[in-house]
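Working notes, structure below.
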Amino acid sequence: MSPDAMSVRLHLRRFRVVGVVVDLIERLVVEIVDVRRVVRCPHCGFKTTRVHDVRRLEVRDLPTRGRPTELQWVRRRFACGECGERHWEDHPEILLGRRTHVTRRLARQLVRDVGAMSIREVARRHGLPWHFIMALTASWSDRVAADRRRRRCRTLLIDETSLRRGHRYVTVIINGDTGETLGIVAHRNTAAISGFLVAQGHRWLRGVRVVVSDGSVPYRSAIRTHLGHTTHVLDRFHVARWFAAGMIEVRRRIQRIGEHGSRAFEPAVFRSRYLQLTRFDHLEDDRIVALGKVLAGRPELEAAWRMLQHLYGIHLASDTEEANQALGAFIEVYQDQPLLEFEKLVGTLLEWGTEIFAFHDTDRATNGRIEGTNNKLGVLKRIAYGFVNVSNFAARALLLTPGMATSP
Ligand SMILES: [Zn+2]
């Protein structure tokens with residue numbers, strides 16, 4: 001194929017193919033030059049056409065119809081007639097690395113692949129070094145994140161996740177308006193979240209109206225310090241787990257001891273454990289009958305179940321008034337049957353009452369989007385099994401979450 005025909009086929013803006021070096025079924029190598037004759041001297045701004053010398057750079061490109069393609073860029077060094085300085089030319093379609101150079105369109109493909117495969121798989125598939133792929137992912141994700149963080153955010157979601165089960169906690173910060181991840185920072189303490197908020201600057205913080213988080217004291221203290229003007233809401237799914245904990249503890253005690261004083265294990269109580277936690281309005285008729293059989297003759301279990309359902313009612317309520325009624329109904333059962341397992345929960349309700357009830361003042365804000373993001377992070381953790389570096393993980397995770405089409 002002639003160089004001109006190859007130029008057309010490669011379709012690289014502002015490049016011309018000057019020679020086809022290798023044209024085999026399994027490999028294509030072409031020599032290219034920038035079509036510009038005149039360039040501007042970066043030192044003084046005057047124009048020059050004087051080429052001092054050239055050097056061939058290997059640049060990896062997208063495969064051409066499945067064929068691995070390498071460009072040999074005849075890169076020119078210009079000498080300025082005005083100031084005498086020399087400079088190597090740049091090209092907008094080429095990303096220069098330390099040793100590995102790629103076209104911008106290949107870089108985009110690599111970043112897309114990183115969303116679906118491990119860094120190692122991407123490196124192997126494209127025959128490029130692992131470190132190159134990782135560095136590209138990191139710088140790409142930095143730019144995406146910086147772009148996202150500049151935009152206004154009214155609802156901020158804060159949650160934690162871990163790289164390994166119970167290890168290496170990170171804090172995930174999400175724009176609740178768009179669902180985009182704004183940042184993933186190491187640790188889950190006050191300093192971690194404060195560092196992020198301070199870096200965002202006063203003006204951006206003023207724009208935030210609602211913050212949703214889990215029931216973490218360090219997060220709350222950072223939110224009070226930097227986002228004191230916002231309404232802080234406790235994520236309802238997190239609260240539901242607190243509520244269920246009381247029921248679970250009562251059930252465990254009862255299934256072990258038996259309410260009639262016998263030491264027998266009560267399989268019926270154990271087997272119905274999920275049924276006991278289900279919201280009443282989600283139960284089919286036959287399930288209600290089954291549940292009734294388990295609760296009958298077990299007053300403590302029944303009281304625990306009623307308390308749990310009233311607590312669920314706080315979030316099912318359509319407004320604060322109704323939520324207060326649900327809380328009142330809970331307190332009534334608790335006063336009748338002050339189960340030890342619910343004592344801690346009552347303390348928690350007192351400590352976090354404002355943040356729990358704020359749900360009704362904020363258009364029922366939840367961390368639902370964060371839950372969605374965490375599912376994706378879960379997928380990523382499986383893909384990226386073996387990640388030990390938090391910032392590498394963060395770089396990948398950021399590109400995996402919505403808005404990754406925002407290419408720099
Ligand atoms: Zn000059």
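The values are calculated or read from the model by the stated rules, or taken from the named source; none is laboratory data. What you see is a predicted model; the values in this text were computed from it and never measured. All Cβ positions, glycine included, derive from the backbone under ideal geometry; neighbour counts span all protein chains shown.
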Subject >> strands (runs of 3 or more DSSP E) fully within region 31-88 counting 1 or more residues that are near the ligand (Cβ under 10 Å from one of its atoms) >> reply: 67-79, 86-88
**OP:** Report whether or not I25 is away from the ligand (no atom under 16 Å from the Cβ) and surrounded by 13 or more Cβ atoms within 10 Å (Cβ to Cβ).
**Re:** no
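Just checking, which of E26, E31 is in the same structural domain as G84 (by TED's automatic domain parsing) and touching a Gly at 6+ places or on another chain (Cβ under 6 Å)? Give the steps one after another, and end with the answer.
Numbers: E26 fails: touching a Gly at 6+ places or on another chain (Cβ under 6 Å).
Criteria check complete, one pass: E31.
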Original post:
When only residues in region 89-100 that are crowded, with 16+ Cβ neighbours inside 10 Å and assigned to a strand (DSSP E or B) count, which is nearest to the ligand (Cβ to nearest atom)?
Top reply: I94
Original post:
Looking at (1) farther than 20 Å from G127 by Cβ; (2) touching a residue at least 40 places away in the same chain (Cβ under 8 Å); (3) among the aromatic types (F, W, Y), which is the one condition that is false for F46?
Top reply: (2)
Subject >> Selection within region 63-88 - surrounded by fewer than 18 Cβ atoms within 10 Å (Cβ to Cβ) and closer than 17 Å to H52 by Cβ >> reply: V74, R77, A79, G81, E82, C83, G84, E85, R86, H87, W88
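Return the only residue of V33, V29, V8 being free of Cβ contacts under 8 Å to residues at least 24 places away in the same chain and β-branched (V, I, T). Walk me through it before giving the result.
Details: V33 fails: free of Cβ contacts under 8 Å to residues at least 24 places away in the same chain; V29 fails: free of Cβ contacts under 8 Å to residues at least 24 places away in the same chain.
Answer to the check: V8.
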**OP:** Return only the number of the condition from (1) touching a residue at least 24 places away in the same chain (Cβ under 8 Å); (2) within 23 Å of the chain's Cα centre (by Cα); (3) not assigned by TED's automatic domain parsing to the domain that holds E351 that A199 does not satisfy.
**Re:** (1)
Subject >> Residue ranges of strands (runs of 3 or more DSSP E) in region 101-182 with at least 2 members touching a Leu at 6+ places or on another chain (Cβ under 7 Å) >> reply: 101-103, 167-175
